[in-house]
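Here the structure comes first, spelled out in structure tokens, and everything after it is commentary.
The values are calculated or read from the model by the stated rules, or taken from the named source; none is laboratory data. For clarity, every value in this text was computed on a predicted model and none was experimentally measured. Glycine gets a Cβ as well: all are built from the backbone with ideal geometry, and neighbour counts include every protein chain shown.
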Amino acid sequence: MKHSRLSFILISILFLSPLSGQPPPDSGNPPPLVRPAEEIRAFDTPNDAGNSITITWKRSPDDIADQGRFDGYDILRGRSPDGPFELVLSVPGGGNENNPLYKTCLDNNTEDGTEYYYAVDAKAFGTTTRAVSRMPAKSSQQWFNTDLVNMLIAVIFLSAAILYYIAGAKSGKKLYIRKIAGLEAVDEAVGRATEMGRKIFFVPGTQDMDNVQTIAGLTILGRVAKVAAEYEAKIDVPVSRSLVMVTAREVVKEAYYNAGRPDSYSDDMVYYLTDDQFGYAAGIDGLVVRQKPATIFYQGAFYAESLILAETGNSIGAIQIAGTAMASQLPFFVAACDYTLIGEELFAASAYLSHEPKLLGSLKGQDLGKLAIILALVVGLIIQLSGAYDFASIFSVSAGGE
């Protein structure tokens, strides 16, 4: 009797329990509907160049409670709240970084001035539920980017400082400019060449006239050539670019004319060697070794040839005055030359040598702007570290998106 009851129980369990790996029988109930997104809002993207509308909405509760079954959102666009709508883009679930309950995206393909309604389709469980914005939106181009107000203030401050100092210089006010040793030594270097009866070499770098360092170097060339003309010293300007050759000839010619010695000028003072970087360096080194100039100027943009040139000039005992904004080459010039114009000193040379009020005022105004930036950094660092205020937010800019 006991064995019969046990067998009956085992047979009942075998036939009534579902087979392993098979789903339970379909109850016939439809899958649950995904809950819709809420608070659909569309508006013109701020601080942009137009053709863009921002769409934001509160995430579907099924997205917030995502259990791996939420499929994201389809963003659709139409001219009427009743449609028809066209698919614009699809975005995954998840919220904004600063507000996780909401989602934001951009439609960057709109026509300015045209009103659009937007629908957001939430997708999950194989179903879709639509929500439509109540109010239309149209894109337009903004005149001002309010995220860059900090830059506007900085530009106004810098411009006002420059105009103030220019006005002061024009009125006869003496503006203090820190002495630059390399430029102060120009007269001494040219005078030494005159006393020794040797040439002056001026090398304006290896780049063309589209490089601002070359332009700055030719500005210094004008001053050097004028002093050389006054002292009746010989000057050679070997160049590596044809356009630099033409410009340098005009600079030297004008310098001789301003010195009152136009007859002493010759086009042969400025001559072309080669465009090749190391061929140019080798050509100058050959001239230096053979002619042994008393003074050599390196003013402009230089690369790997800087140490080759400076070492050769140093080996013959020439006074060398270098100037470049190439940070990687400055150590070589500092080591091998007597004087070196570092970075901005090269660009300040035109104002320093000419004492032109506009140039001096511009230089002083820029220096005041740099001082203001340094003070802002120091004060901001102290405030930021103390936690009293998020000072870094003042200098942040936004691209107008999420």
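Apart from one condition, GLY205 fits all of (1) under 29 Å from the mean Cα position of the chain (by Cα); (2) buried (at least 24 other Cβ atoms within 10 Å of the Cβ); (3) part of a helix (DSSP H, G or I); the exception is (3).
Of the numbered criteria (1) closer than 14 Å to ILE180 by Cα; (2) assigned by TED's automatic domain parsing to the domain that holds ASP236, the one TYR352 fails is (2).
Matching residues to (1) among the hydrophobic types (A, V, I, L, M, F, W, C); (2) assigned to a helix (DSSP H, G or I); (3) over 32 Å from the mean Cα position of the chain (by Cα):
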{"residue": "VAL288", "(1), (2), (3)": "yes, yes, yes"}
{"residue": "GLY323", "(1), (2), (3)": "no, no, no"}
{"residue": "TYR352", "(1), (2), (3)": "no, yes, no"}
{"residue": "LYS364", "(1), (2), (3)": "no, yes, no"}
{"residue": "LEU368", "(1), (2), (3)": "yes, yes, no"}
{"residue": "ILE374", "(1), (2), (3)": "yes, yes, no"}
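Pairs meeting the criteria (first residue in the stretch 274-296 and among the polar types (S, T, N, Q), second residue in a helix (DSSP H, G or I), beta carbons under 8 Å, at least 6 apart or on different chains) are THR274/TYR280; THR274/GLY283; GLN277/GLU305; THR295/ALA189; THR295/VAL190; THR295/ARG192; THR295/ALA193.
Tell me yes or no: at least one residue of the stretch 378-390 is part of a helix (DSSP H, G or I), touching a Gly at 6+ places or on another chain (Cβ under 7 Å) and without any contact (Cβ under 8 Å) to a residue 60 or more places away in the chain. Working first, answer last.
Looking only at the stretch 378-390, we keep the residues that are part of a helix (DSSP H, G or I), and these are 378-386.
Now narrow it down to the ones that are touching a Gly at 6+ places or on another chain (Cβ under 7 Å): none.
Within the stretch 378-390, not a single residue is part of a helix (DSSP H, G or I), touching a Gly at 6+ places or on another chain (Cβ under 7 Å) and without any contact (Cβ under 8 Å) to a residue 60 or more places away in the chain.
Residues of the stretch 328-348 that are hydrophobic (A, V, I, L, M, F, W, C), touching a Leu at 6+ places or on another chain (Cβ under 8 Å), buried (at least 19 other Cβ atoms within 10 Å of the Cβ) and outside any helix (DSSP H, G or I): LEU341, ALA348. Being surrounded by 13 or more Cβ atoms within 10 Å (Cβ to Cβ), free of Cβ contacts under 8 Å to residues at least 24 places away in the same chain, closer than 14 Å to ALA37 by Cα and out of contact with any helix residue (DSSP H, G or I) (no Cβ under 6 Å at 6 or more places or on another chain) is the requirement here; does VAL91 meet it? So VAL91 fits the description; yes.
I'd like the full set of residues that are in a loop (DSSP other than H, G, I, E, B), farther than 30 Å from PRO32 by Cα and either modelled with pLDDT of 95 or more or in contact with a strand residue (DSSP E or B) (Cβ under 6 Å, 6 or more places away or on another chain) (or both), limited to the stretch 130-150. Break it down stepwise before answering.
Keep residues of the stretch 130-150 that are in a loop (DSSP other than H, G, I, E, B), which gives 133-136, 138-145.
Those still in the list that are farther than 30 Å from PRO32 by Cα too: 136, 138-145.
Selection gives PRO136, SER139, SER140.
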